[in-house]
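The values are calculated or read from the model by the stated rules, or taken from the named source; none is laboratory data. Worth saying up front: this structure is predicted, and the values here are computed from it rather than measured. Every residue, glycine as well, gets a Cβ built from its backbone with ideal geometry; the counts of neighbours run over all protein chains shown.
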């Protein structure tokens, strides 16, 4: 309770934001204590989408867990697939064919673009501009069309396999991606004119919800959120998995760690992803898409923590195998779960309008928070 | 004689003359003739208002859709979903009317009526055409601003009576916003009033026979008026009382059915009034090419401003509440004072 | 609106030929309801993203007059789009209770139909019909946006069969 | 810094912290893994963060049910010196209690709440140790191997 409130004898107002609220991005529940419009205490209440994934993982085979992984961060299922296959592959010491590696990277990076597009659209709505959402979805539908041509699904792809990918690329895929990248680049400028440099938008986001470097590390933020604070931390460079070390790309970083920086890091990441895709398309050569893997997957007993750079941040999987067909323990370190925790600290002293700006800029997906 | 090209206003005057002749012939007292005359106008106005609201809602959905690469309503009633808003209204009419358990029942009921009445009254002094004006009062513009400041009361009533924290915040926000933007709104019009030297609507329109005030130093006043007017009708970027992403639906969160319909209609009638005043004060009202009936010219200008407001709505993000206040008090208000000063000098020099 | 919906059919049907009037009233009422289905903008899980794709320009269910509202009071339709967990079940029930009559429920996707891929989880409700009455079920995990459009058409068909008549 | 150097530094400060050897028949550990006693975990972590090793990034904190005992696994990372460490703590299944490290890394706050929710591991000194994911009034700890879900009206 603030001093002024104590002196006047008025009471704080408790506001329940969510689980159904237009801008909590799903079923997040925020308990806000407020002095007028100023927040004195904020407590995120999660678990409204807790589906018991980690328990279910212990009842599913290693292969079936890839299908479950689609539903962690349902906006970027390909990155989840990536995280789900890396662990067993390393435990079983499988060498994935080169073509499959490049396909995986193309998929994951396209997914990063798609995920950031959703962020761009929904963030616009949070700030009060509805139109960017429709522009973002126009481009996203094109990516989904490409995915559909490969694996038949729009959202939950279940495309990666332990040892490769499930299907080879159809003929129209590579030209399709090339055409998309060519079409997409100028669109990024369109987004900038639409939203990024709008004075009202800048007024709402610049200097709001700043996270310092120390805080970002202390709360173990990852992905665009930590990079916006000026720390160039990216698993793709830090601990390169798959064949990411072969690619030339930059890591966009911010300066102040405020909402606008987080937004701009994501916007810049989209063009970097486009660069990676272009390079991967160059390197793509005919060949196998699956390594020789036994029909029944039984990784030898052991444990491993693998992580990938998902669009939201470091997506880690800590899996323990006891040599059977199912994992013994399957812990998912969802980036959104960790990134969301800082909210309770950030919101103090902000206005209610800033809550949506900050929450949107952290870019969470509840499927991954609650699992 | 009536010519096809002549304006609706002349037709109205001709009809009134015939009515007066008829009454004089029958010996009907003046009072009855007067009430028939005004009653007919009022009924015509009511029909016009409801049609306008329906058209504006349909227009908003279509305009927003086309700005967002969509089509908007396409199926209801056949051709491009023309009857979409009619279906919406019938549905709202037949929907269950929920009053929250802990609500202040009477205030909750009265609020939607209070919001609608001032926006109806505002239409009385709008000059649609030469002679086609409900009451050409010599304080015309003051009437409109006087009534429109009642609207804030109803929004606050609705927000308070619903007994919901979101509606309360929405109501408080709108009270703060509408009161502080009332000042620049009135002051921006003051420039025009000073130029003309009259508050009478018809005088103001007649003064623009040669050149619209938009193309005089009153241009600054026009800009201020549009900004403050957007804030006055709670549209984006000033829609913080509704603020869908923050306050769910703001002051009308707890309203359902017909009562919500009233709030929705009043929002659009208010938009129309604000645009109509802009057309009257800055764009020459019914003045236009001689071959165009005055009412067409007037409605065309009004709809142009309405379109402008819709354009704002679907491109701009929303202000934050404290920045909105800053903008209103620290920027817009001094600017409108400067505008008055400038117009005063201009008027003096012109003389 | 008790007069139109409750009393009028009672009075009209007592006259000869009154049921014809009731039938045409039915048509107008049902037409307005089916043409203006306002869903609650509310998403639970993965299916909510496909629901958003329906709002988006390619599928655009505004064409059918479907216009998302953020508050349950003004909504006619609720999409249960995704996994319903036990923690959320009571909240969804309350949202449904806050909606004004007439209200419709569309269960979107395997999770809300039956529990879907999480059928053996300790924290997932095995089908939203344990909590709410459902009008239309859509299959798929997640259903395609086209399937969501179809569900709206199906619901419209269902609404057209409603009547205010007291003779059943 | 190589794994051996890190190990030597830790052993110098805390002799009780030893390298954890995988059980017979299991794969060798992929990154340096050490085991620490439960009682002194807070001091060990505080030193790991602020001492010469600079493990400033708590990537993940997981509970594990090993049937005969419970285990808490910390995955640490140093952004500055780019090295990794896996820290394991064994707990008695009957009294799963250990000091909280949420004062060392803020990130541990929710991780510990999750471990409490899923395994019933009590972190003493945690500022707000409440269930985080499961529904109100949920009984039992779902990720324990002997957990059996009770059917209710929603099943």
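Quick notes on this one:
- Residue that is within 14 Å of chain A (Cβ to nearest Cβ), in a helix (DSSP H, G or I) and under 21 Å from the mean Cα position of the chain (by Cα), where the choices are B:223, B:204, B:227, B:240: B:227
- Every condition in (1) surrounded by fewer than 17 Cβ atoms within 10 Å (Cβ to Cβ); (2) in contact with a strand residue (DSSP E or B) (Cβ under 9 Å, 6 or more places away or on another chain) is met by residue A:217 except one, and the failing one is (1).
- Residue list for region D:99-112, restricted to those being away from chain A (no Cβ under 11 Å), in contact (Cβ under 8 Å) with a residue 60 or more places away in the chain and either assigned to a loop (DSSP other than H, G, I, E, B) or crowded, with 24+ Cβ neighbours inside 10 Å (or both): D:101
- The criterion of at least 1 residues that are at pLDDT below 90 and either away from chain A (no Cβ under 12 Å) or farther than 23 Å from residue A:365 by Cβ (or both) is met, among helices (runs of 4 or more DSSP H) falling completely within region C:30-119, by C:86-98, C:110-114.
- Of everything in region D:130-155 that is surrounded by fewer than 19 Cβ atoms within 10 Å (Cβ to Cβ), closer than 18 Å to residue A:47 by Cα and touching a residue at least 12 places away in the same chain (Cβ under 8 Å), the residue that is farthest from the other protein chains (Cβ to nearest Cβ) is D:130.
- Which listed residue, of B:115, B:98, is away from chain C (no Cβ under 11 Å), modelled with pLDDT under 85, buried (at least 19 other Cβ atoms within 10 Å of the Cβ) and closer than 30 Å to residue C:68 by Cβ: B:115
- Conditions (1) in a helix (DSSP H, G or I); (2) within 22 Å of residue B:306 (Cα to Cα); number of the one not met by residue B:70: (1)
- Within region B:55-73, if we keep just the residues that are without any contact (Cβ under 8 Å) to a residue 60 or more places away in the chain and surrounded by fewer than 19 Cβ atoms within 10 Å (Cβ to Cβ), the residue that is farthest from the other protein chains (Cβ to nearest Cβ) turns out to be B:55.
- Of the numbered criteria (1) within 14 Å of another protein chain (Cβ to nearest Cβ); (2) part of a helix (DSSP H, G or I); (3) at pLDDT 85 or above, the one residue A:211 fails is (2).
- Qualifying residue in region C:14-28 (condition: assigned to a loop (DSSP other than H, G, I, E, B) and either modelled with pLDDT of 85 or more or touching a strand residue (DSSP E or B) at 6+ places or on another chain (Cβ under 8 Å) (or both)): no
- Output for region A:284-312, where each listed residue is within 14 Å of chain D (Cβ to nearest Cβ) and part of a loop (DSSP other than H, G, I, E, B): A:298, A:299, A:300, A:301
- Positions within region B:307-324 being within 11 Å of another protein chain (Cβ to nearest Cβ) and part of a helix (DSSP H, G or I), in sequence order: B:311, B:312, B:313, B:314, B:315, B:321, B:322, B:323, B:324
- Summed over region D:27-65, the residues that are within 8 Å of chain A (Cβ to nearest Cβ), free of Cβ contacts under 8 Å to residues at least 24 places away in the same chain and surrounded by fewer than 17 Cβ atoms within 10 Å (Cβ to Cβ) give a count of 2.
Per-residue answers, yes or no, for (1) outside any loop (DSSP other than H, G, I, E, B); (2) surrounded by 24 or more Cβ atoms within 10 Å (Cβ to Cβ); (3) within 13 Å of chain D (Cβ to nearest Cβ):
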position	(1), (2), (3)
A:237	yes, no, yes
A:245	yes, no, no
A:262	yes, yes, no
A:274	yes, no, no
A:282	yes, no, no
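- Test: residue in region B:282-291 that is more than 13 Å from the chain's Cα centre (by Cα), part of a helix (DSSP H, G or I), within 14 Å of another protein chain (Cβ to nearest Cβ) and touching a residue at least 40 places away in the same chain (Cβ under 8 Å): no
- Selected residue [on the phi > 0 side of the Ramachandran plot and surrounded by 24 or more Cβ atoms within 10 Å (Cβ to Cβ)] from A:223, A:207, A:230: A:223
- Within region C:128-156, considering residues that are under 13 Å from the mean Cα position of the chain (by Cα) and in contact (Cβ under 8 Å) with a residue 60 or more places away in the chain, the one nearest to residue C:113 (Cα to Cα): C:148
- Residue satisfying all of: in region D:120-153; touching a strand residue (DSSP E or B) at 6+ places or on another chain (Cβ under 8 Å) and in a loop (DSSP other than H, G, I, E, B); nearest to residue D:38 (Cα to Cα) among these: D:121
- Residue list for region A:219-235, filter: part of a loop (DSSP other than H, G, I, E, B) and within 16 Å of residue A:116 (Cβ to Cβ): A:222, A:223, A:234
- Residue check, residue A:163 in contact with a strand residue (DSSP E or B) (Cβ under 6 Å, 6 or more places away or on another chain), away from chain D (no Cβ under 14 Å), touching a residue at least 24 places away in the same chain (Cβ under 8 Å) and farther than 23 Å from residue A:75 by Cα: yes
- Whichever residue in region A:45-55 is outside any loop (DSSP other than H, G, I, E, B) and within 10 Å of chain D (Cβ to nearest Cβ) and, among such residues, is farthest from the chain's Cα centre (by Cα): A:55
- From B:90, B:99, residue being more than 17 Å from the chain's Cα centre (by Cα) and in a helix (DSSP H, G or I): B:90
- Which numbered condition residue C:20 misses (of (1) away from chain B (no Cβ under 13 Å); (2) within 30 Å of residue A:367 (Cα to Cα)): (2)
- Residue list for region B:111-140, restricted to those being over 22 Å from residue B:12 (Cβ atoms) and in contact (Cβ under 8 Å) with a residue 40 or more places away in the chain: B:111, B:112, B:113, B:114, B:115, B:116, B:119, B:139
- Scanning region B:212-220 turns up one or more residues that are at pLDDT 85 or above and part of a helix (DSSP H, G or I).
- The set of residues in region D:113-129 that are under 14 Å from the mean Cα position of the chain (by Cα), over 14 Å from residue A:50 (Cβ atoms) and within 11 Å of chain A (Cβ to nearest Cβ) comprises D:115, D:119.
- The criterion of at least 2 residues that are at the interface with another protein chain (Cβ under 9 Å from one of its Cβ atoms) and closer than 23 Å to residue A:186 by Cβ is met, among helices (runs of 4 or more DSSP H) falling completely within region A:75-152, by A:98-127, A:131-151.
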